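Chemist: Here's a structure for you.
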Amino acid sequence: MKILLTGHKGFIGSNMLLALKDHTVTTFEWGEDYPDIKGLDWVIHMGANSSTTETDVEKMMHQNYDFSVWLLHECVKHNVNLQYSSSASVYGLKKEFTEDSPVDPRTPYAWTKYLFERYANQLPKNIIVQGFRYFNVYGNGQDHKIGNASPHHTFKQQAINDKVIKLFNCQVHPARDFVPVEYVVDTHLKFTNIKESGIWNIGTGTATSFYSIACEIAEKYNAKIDYIPIPNVLKNSYQIYTCADTTKLQKTLKENNFE
């Protein structure tokens, strides 16, 4: 297949690029001239400003929403199918995590993801458009991320460098659905063979506490655990709990003979 991959220098995008080695791939990274879509089979759109603490709304809208809308229109114009990355951050502080559950975006990042989902869903189109709400992705390739890496990566670096792992001081231990990056990449690849548009959660369906991850890493690297206050910038948006409902994802994969 001929594929355009955006965000190939990022964490998930770099893993996606490796998995596409048997295909003809062109890439796009923010700051380059906008890509040519003609003649492609798929666009896999993983590029975004992924900072959940960015407060510059105009910047986030320009990089995450405006460009995604342009890309979608180009795909429609040239009859190219589109996959795009969304985020479980659209659920905000809600406790239900099905694709048709109410959303509660709390940050500029989350809003740009939800607004593009909504736009893509409403736009009349002659192509396949697949959106994926990633839960907390972890794995290799996060060394470039500052302040926004998975706890697996962050805690490991803290344990190695400082011998102290820092957890937020919450009334309950936060727990999230942590999904390996390999699973995310594999799901994208499978869906290039699925002729269906929509939005799907990508997660494991299991929530794991930050504390349990910290304890495992602390024991391995002989580090201790300390508690710090939640930064003010996160107080109104920090997700204490997430757990993907993967019913729709598993149903779609099964119906298309992916199990």
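Chemist: Output the relative contact order of segment 1-105, whole-number percent, from Cα pairs under 8 angstrom with separation of 6+ residues.
Modeler: 25
Chemist: Given N residues in segment 14-62, what is its alpha carbon radius of gyration divided by 2.2 N^0.38 Å?
Modeler: Computed over Cα atoms of segment 14-62, the ratio equals 1.41.
Chemist: Then there's this: Of the beta bridges DSSP finds with both residues in the chain, what % are antiparallel, to the nearest 5?
Modeler: 5
Chemist: Can I ask one more? Suppose the chain between Lys9 and Asp41 were pulled fully straight at 0.36 nm per residue; how much longer would it get relative to their current alpha carbon spacing?
Modeler: Full extension from Lys9 to Asp41 adds 9.4 nm.
Chemist: Over segment 15-132, how many pairs of lysines fall under 24 Å by alpha carbon, counting only those 8 or more apart in sequence or from different chains?
Modeler: Value for segment 15-132: 9.
Chemist: How big is the Rg/Rh ratio for segment 29-148, C-alpha atoms only, Rh by Kirkwood, two decimals?
Modeler: 0.96
Chemist: Give me the distance in nm between label points sitting 7 Å out from Cα along the Cα-to-Cβ direction at Trp30 and Lys94, one decimal.
Modeler: 2.6
Chemist: Give the share of C-alpha pairs in each 10 angstrom bin for segment 34-97, from 0 to the last occupied bin, in whole percents, shortest bins first.
Modeler: Bins of 10 Å from zero give 18, 43, 29, 10, 0 percent of pairs.
Chemist: Over all distinct Cα pairs, what is the inverse of the mean 1/r for segment 125-224, reported as the Kirkwood hydrodynamic radius in Å?
Modeler: 15.4
Chemist: Next up: Using a Debye calculation, one point per C-alpha and no hydration shell, please list log10 I(q)/I(0) for segment 94-154 at q = 0.23, 0.29 Å⁻¹ in order.
Modeler: The Debye formula, applied to the Cα set alone, gives -1.09, -1.24.
Chemist: Do any trypsin sites (Lys or Arg not before Pro) in segment 1-73 lie in a loop, going by DSSP, with at most 11 other beta-carbon atoms within 10 Å of their beta carbon, and if so which?
Modeler: Answer in residue order: Lys21, Lys38.
Chemist: I've got another one for you. Dividing the alpha-carbon radius of gyration of the chain by 2.2 N^0.38 Å (N being the number of residues), what value is obtained?
Modeler: Output field value: 1.01.
Chemist: Tell me, what is the Rg over Rh of segment 1-82, with Rh the Kirkwood radius over Cα pairs?
Modeler: Radius of gyration over Kirkwood radius for segment 1-82 works out to 0.98.
Chemist: Once the piece of chain linking His73 and Tyr241 is laid out straight, how much longer is it, given 0.36 nm per residue of separation minus the C-alpha distance between them?
Modeler: Roughly 57.0 nm would be gained on extension.
Chemist: To continue, here is another question. Which aspartates and glutamates have a Cα lying under 18 Å from the Cα of Lys224, excluding residues fewer than 8 positions away in the same chain?
Modeler: Asp162, Glu216
Values in this text are rule-based calculations from the coordinates and carry no lab data. All values derive from a computational prediction rather than experimental measurement. Cβ: placed from backbone, ideal geometry, glycine included. Neighbour counts: every protein chain shown.
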